[in-house]
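Below is one structure; the comments refer to it alone.
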Amino acid sequence: MILIADSGSTKTDWCLCNEGTPILAVQTQGINPYHQTEEAIELVLAEELLPQLTRLPDSLHVIFYGAGCANDTACGRVREAMQRALSADDITIHSDLLGAARALCGHEEGIACVLGTGSNSCLFDGKDIIANVPPLGYILGDEGSSAVLGRRLVGDCLKNQLPEAVRNEFLAEYDLTQETILEKVYRQPLANRFLASLTPFLSKHREVPEVHTLLVESFVDFFVRNVKQYRRPWLPIHFVGSIANAFKAELKEAAESLGMELGCILKSPMEGLVKFHCG
């Protein structure tokens, strides 16, 4: 059997396949070795994944695509946790970016992008990632991601860049003050998840001119600072992730303002990954 995982910072989708057929799909919280220790990852597997798997087969191949799995140290952290929690030795760890490229492009050349809690992009030649502008995380980069959209939202709120009624509604809806925001961002762990959790407010108020501008400018930043560097203007740009799926109209507006063409947009890469590995 094959257990395929697609993990971002917020959630992990798992799909158990038997002889090429998906038989079980479950979800846990996100696993990201940049933000979590080996022990924390093992705890997620033991407390959230294992109870949802009725029985582990004797022979299990785990294929894990994850945010933060960009080097041997990070991949090793995930592998060690899986070996202990799942008692599996046949474990393959890849970056979530390769997972996105395989799900979006299959075996064809293309530009594959991730817009979720974090953001990323690459030029894919149908087999390998041949170019990648480093995403750099939500402090230095991750343009267009939910964490950066949330960061921009709270910044605009506290610096009075939103209409007063919208600002007051936002603070009341999330029970926030300037003090609690600063506490959650600078003193509590996983600030990226807190910021990402605020994006439903943007979706609900996308018709407010200031919010619309915030969204489109953020996506323009993503295209200019990342996609343009691949110098393949004839290629459509494919996207996967909750933010790309939720803000298709604003993403398209940003692309068209730069003369770029969008390709397919998927909320999750799992269907494409199952097809890639089992089809």
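Across the range 125-174, what is the total count of residues that are within 23 Å of the chain's Cα centre (by Cα), basic (Lys, Arg) and surrounded by 14 or more Cβ atoms within 10 Å (Cβ to Cβ)?
Looking only at that region, the number is 2.
Would you pick out the residues in the range 54-81 that are free of Cβ contacts under 8 Å to residues at least 40 places away in the same chain, among the aliphatic types (A, V, I, L, M) and within 16 Å of residue 16 (Cα to Cα)?
Matches in the range 54-81: 56 only.
Can you say whether residue 57 is part of a loop (DSSP other than H, G, I, E, B) and farther than 19 Å from residue 190 by Cα, as far as the supplied structure shows?
In short, yes.
Could you check the range 185-204 and list, in sequence order, the residues that are surrounded by 19 or more Cβ atoms within 10 Å (Cβ to Cβ) and either part of a loop (DSSP other than H, G, I, E, B) or of a type in the set (D, E, K, R) (or both)?
Correct list: 193, 198.
Could you pull out the residue among 266, 182 that is under 18 Å from residue 151 (Cβ atoms) and either at pLDDT 95 or above or of a type in the set (A, V, I, L, M) (or both)?
Of the residues listed, the single one that is under 18 Å from residue 151 (Cβ atoms) and either at pLDDT 95 or above or of a type in the set (A, V, I, L, M) (or both) is 182.
Is it the case that some residue within the range 68-88 is within 30 Å of residue 261 (Cα to Cα), at pLDDT below 95, in contact with a Ser or Thr (Cβ under 7 Å, 6 or more places away or on another chain) and surrounded by fewer than 23 Cβ atoms within 10 Å (Cβ to Cβ)?
Initial filter on the range 68-88 (within 30 Å of residue 261 (Cα to Cα)): 68-70.
Restricting the remaining residues to those that are at pLDDT below 95 gives 68-70.
Narrowing the set further to residues that are in contact with a Ser or Thr (Cβ under 7 Å, 6 or more places away or on another chain) leaves 69-70.
Remaining after also requiring surrounded by fewer than 23 Cβ atoms within 10 Å (Cβ to Cβ): 70.
Looking for residues that are within 30 Å of residue 261 (Cα to Cα), at pLDDT below 95, in contact with a Ser or Thr (Cβ under 7 Å, 6 or more places away or on another chain) and surrounded by fewer than 23 Cβ atoms within 10 Å (Cβ to Cβ), one finds at least one in the range 68-88, hence yes.
Collect the residues in the range 1-43 that are part of a helix (DSSP H, G or I) and either farther than 12 Å from residue 66 by Cβ or at pLDDT below 90 (or both), keeping them in residue-number order. First the steps, then the outcome.
Looking only at the range 1-43, we keep the residues that are part of a helix (DSSP H, G or I), and these are 38-43.
Matches in the range 1-43: 38, 39, 40, 42, 43.
For the range 89-144, which positions are hydrophobic (A, V, I, L, M, F, W, C), in contact (Cβ under 8 Å) with a residue 40 or more places away in the chain and either on the phi > 0 side of the Ramachandran plot or not in a strand (DSSP E or B) (or both)?
Passing the criteria: 100, 103, 104, 105, 133.
Tell me which of these residue 240 doesn't satisfy, since it passes every other one: (1) crowded, with 19+ Cβ neighbours inside 10 Å; (2) over 19 Å from residue 145 (Cβ atoms).
(2)
Limited to the range 169-184, what total is found for residues that are under 28 Å from residue 31 (Cβ atoms) and part of a helix (DSSP H, G or I)?
Residues in the range 169-184 being under 28 Å from residue 31 (Cβ atoms) and part of a helix (DSSP H, G or I): 5 in total.
The values are calculated or read from the model by the stated rules, or taken from the named source; none is laboratory data. Source: prediction; values computed, not measured. Cβ sites come from the backbone with ideal geometry, for glycine too, and all protein chains shown count toward neighbours.
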